[in-house]
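These notes concern the structure reproduced below.
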Amino acid sequence: MFFHRIPLVAASLSILPVLALRNSYSVQRVHSDTIQRVYPALSHRADTTGCISPDPANTVTDRLNIALNSSGPGFVLQLCPNSQYMIQAPILFAAPNQEISTVGYPTDHSRATLVVSGPVANGQGHTTAVDGTCGNCSGTKLRNIQINGTRARAPPTSGGANIEMGGPNSNQLIEYVHSYDPRSWSCLHVAEGGLLCNNIVIQNNDIGPCGSDAFQQWADGISVSCRSTVVRNNLVNNPTDGGIVLFGSPGSLVENNTVWVVNSTLLGGINMVDVTPWGGDYTGTVVRNNTIIGGFATDSNSATQTDGENVDDVIIKIGIAIGPQTWFGDFFGANISFSGTVLDNSLTGAFGYGIAITSARNFTVQGNTLIGNTSFIGSRGPNCSTSDPTPASAAFVINSVNVTSSTIQPGFQSVQDAKGLTCVLPPDGGDYWPYGGSPSPENFTPPLPTPTTTATPQSVQSSKGHSSAGAKAGLAVGIIVGIIAIVVAIILVRRWALNRELLKSVSRARDHAGYVKG
């Protein structure tokens, strides 16, 4: 999560602009004889399943883009199951209500995969697989596909996320998409489009891994800067910067998501800290009933111990971060986050801090709980400020002096300073991690379909007024089912984790935006 990302801009493309765009991504311009071969292919592009073939690979980027650009509103670009599309530049939505999806809408590994394959040099190059930010892209849908960013442990590349949606548009849908290993800063970004973006639904996706936990090589899972966005029922596995990042996004609803780590330390599970582009405005934004799962012990359970070692020293530094000072220290001065609601979220595993609040106004934080086994084990790191105290790790911390007009649940520890808390580091070994477990990617089962009715700003606002008890009662059945699922996942992941040798990579991270406290 950086201070702010400038979204890619994609206009409706004719054939020549498509070629010009490819050239702008340092891809060799396609000669006119290639175009002559591409056009005939469009008239018989579908195989027996009705999908566009990934072969030949050297023309597939142009064939996909020309299909979208030449077909108009409502066109469905169908990809073939069990196929990889080696794309050399972004695939660009070009008209309202277009869709990119896999034939038959599978939700497993048979989903078609767009593989980011364009050239990279000197930290620049191809980073985005799909772009829906054009000025005429309302109602577009990205469904039931996979995006492989192919970073493969290389240094990050400057550019857009694996998926760039939003822009000056409304009513877009991203569902049943697996996005992972982005070359740049996020697996999925919904851009604000000059603050015109609204009513986007992001649901039932499996996201991650995203980025590396090495210093300044992090990446977000889901990054949202769009008004009235619904983010629900997503599984975010092994992000390294922010699991779900809200850049203000007033009127949005973030519910029933799971963020967890396996072998990489995560800076923040759910972040409400960014000043730009909405000026810290979280009015009507509700974050509720999400599960955030930190690191667990990976050695054998002992009848005499409650904690054990983690082979990668993995923690989540801040489970839920509220207010710019928690993340950026004094960089944004007196700026604050204001008018958000955080209800009934669950945390388990190892953290530096479960929930940290500072520089906030008119926030409601109620009913958030610790479940299963937890540890709070972050320690002061070398990038922590020498002039400001860093509070000891704890479940819930708040700097009460600069948190005003807010309703905060009991159990928060008042601290003198809560600035730049991502400077803390996990212990280097030792029996500090609780026994337990997280979901395993190998055992991932996509959630059941959810109706795609987009929540309006009014409906999100009304949910803010619900009491914690009322919300729990309304979701009782879902919670019971969730508990059963977690128990099953714990059993499976313990077996998986104990037999997997992982490369140890301890984060020496501070502020991923380039600002280092002190």
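The values are calculated or read from the model by the stated rules, or taken from the named source; none is laboratory data. Keep in mind the model is a prediction, meaning the values are calculated, not measured. Here the Cβ is made from the backbone with ideal geometry for all residues, glycine too, and neighbour counts use every protein chain on show. Remember, those area values only see protein heavy atoms, side chains included, never the ligands or the DNA or RNA. Shrake-Rupley method; radii C 1.70, N 1.55, O 1.52, S 1.80 Å.
Just a few scattered comments:
- A count restricted to segment 413-436 and to residues that are surrounded by 19 or more Cβ atoms within 10 Å (Cβ to Cβ), among the small types (Gly, Ala, Ser) and farther than 30 Å from THR304 by Cβ stands at 2.
- Residues in segment 182-194 that are open to solvent by 30 Å² or more (accessible area, probe 1.4 Å) and in a strand (DSSP E or B): there are none.
Okay, residues lined up against (1) over 27 Å from TYR435 (Cβ atoms); (2) at pLDDT below 95; (3) surrounded by fewer than 23 Cβ atoms within 10 Å (Cβ to Cβ):
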{"site": "THR358", "(1), (2), (3)": "yes, no, no"}
{"site": "LEU370", "(1), (2), (3)": "no, no, yes"}
{"site": "SER385", "(1), (2), (3)": "yes, yes, yes"}
{"site": "THR407", "(1), (2), (3)": "yes, no, yes"}
{"site": "GLY411", "(1), (2), (3)": "no, no, yes"}
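- Residue within segment 160-179 that is hydroxyl-bearing (Ser, Thr, Tyr), closer than 20 Å to ASP213 by Cβ, crowded, with 24+ Cβ neighbours inside 10 Å and out of contact with any Pro (no Cβ under 8 Å at 6 or more places or on another chain) present: yes
- Filtered residues of segment 195-227 (kept if on the phi > 0 side of the Ramachandran plot, assigned to a strand (DSSP E or B) and open to solvent by less than 10 Å² (accessible area, probe 1.4 Å)): none
- Subset of segment 84-106 [open to solvent by less than 50 Å² (accessible area, probe 1.4 Å) and either over 22 Å from ASP206 (Cβ atoms) or in a loop (DSSP other than H, G, I, E, B) (or both)]: ALA89, PRO90, LEU92, PHE93, ALA94, ALA95, PRO96, GLN98, VAL103, PRO106
- So SER179, is it within 18 Å of the chain's Cα centre (by Cα), polar (S, T, N, Q) and in a strand (DSSP E or B): yes
- Subset of segment 286-306 that is closer than 29 Å to LYS419 by Cβ and of a type outside the set (S, T, N, Q) - its residue that is surrounded by the fewest Cβ atoms within 10 Å (Cβ to Cβ): ARG288
- Scope segment 258-285; condition touching a Leu at 6+ places or on another chain (Cβ under 6 Å) and open to solvent by 10 Å² or more (accessible area, probe 1.4 Å); matching residues: THR258, ASN263
- Among the residues of this structure, SER300 does not count as one that is farther than 30 Å from ASP431 by Cβ and of a type in the set (S, T, N, Q).
- Filtering segment 239-257 to residues that are open to solvent by less than 10 Å² (accessible area, probe 1.4 Å) and either farther than 12 Å from CYS210 by Cα or not in a strand (DSSP E or B) (or both) leaves THR240, ASP241, VAL245, LEU246, PHE247, GLY248, SER249, PRO250, GLY251, SER252, VAL254, ASN257.
- Residue within segment 367-386 that is of a type in the set (A, V, I, L, M, F, W, C), over 25 Å from ASN256 (Cα atoms) and more than 23 Å from the chain's Cα centre (by Cα) present: yes
- Residue selected from segment 60-83 under the condition in a strand (DSSP E or B) and open to solvent by less than 10 Å² (accessible area, probe 1.4 Å), by the criterion nearest to CYS134 (Cα to Cα): LEU77
- Selected residue (criterion: most open to solvent (accessible area, probe 1.4 Å)) from residues of segment 318-356 that are under 26 Å from PRO434 (Cα atoms) and among the small types (Gly, Ala, Ser): SER346
- Taking segment 144-154 as the range and being surrounded by fewer than 22 Cβ atoms within 10 Å (Cβ to Cβ) and either at pLDDT below 95 or among the aliphatic types (A, V, I, L, M) (or both) as the test, the residues that pass are ALA152, ARG153, ALA154.
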